[in-house]
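Here the structure comes first, spelled out in structure tokens, and everything after it is commentary.
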Amino acid sequence: MPRKKKSRKVGSIGVSKSSDFTRKEKNVKKPSKGRPAGNRQAVAQSTTRSSGGSKNTDPRHGSKKLIPLQVTHVKKVVYAKPSDELAAIEADSRLIALLDKQEKGQRLRVDQKDYIESKLSRHAILCEMLGIDVSEDEDNVDIDPLDKLDAISMSDFDDESK
């Protein structure tokens, strides 16, 4: 049982409203998530209108590219001269990158090692055919001609008859 009897009088509950107060409406549109409704149809209609062709370019349908049913063998590039092939091997960017990687001591995959081995063996064969010596001689190191002069002493040229 309630201790206080209910009353129908309306008291002042909360803050009184003023007539000059107007509520501001939010007109900020939230960013939409996902694609708008009917986007696929709109894209299909706009592309058919712009192209003017009778071909159906509806993006909902898959690719119309023909799939080859027979295996086609890739033809190897045939070089007219061995020197052209040698130049192509020496300019091969993949081979250069793999050789740099190998020199740095990084690990190579099996297919990368096979690629390097095949190209280097072909390079050796072509160099042999063209008569180019590619052996790693250390004779190519620049030798200072003055080093030989330092080995000569003036005492060798003194007169022994004195």
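The values are calculated or read from the model by the stated rules, or taken from the named source; none is laboratory data. Predicted model only: the values in this text are computed from it and were never measured. Neighbour counts run over all protein chains shown; Cβ positions are idealised from the backbone, glycine included.
List of remarks:
- Entirely in region 1-116, the helices (runs of 4 or more DSSP H) that have 3 or more residues that are at pLDDT 70 or above: 82-90, 93-103
- Here is the figure for region 80-100: residues that are touching a residue at least 40 places away in the same chain (Cβ under 8 Å) and of a type in the set (A, V, I, L, M, F, W, C) total 1.
- For region 114-127, a residue qualifies if it is of a type outside the set (A, V, I, L, M, F, W, C), surrounded by 11 or more Cβ atoms within 10 Å (Cβ to Cβ) and more than 21 Å from the chain's Cα centre (by Cα), and the qualifying residues are Asp114, Ser118, Lys119, Arg122, His123.
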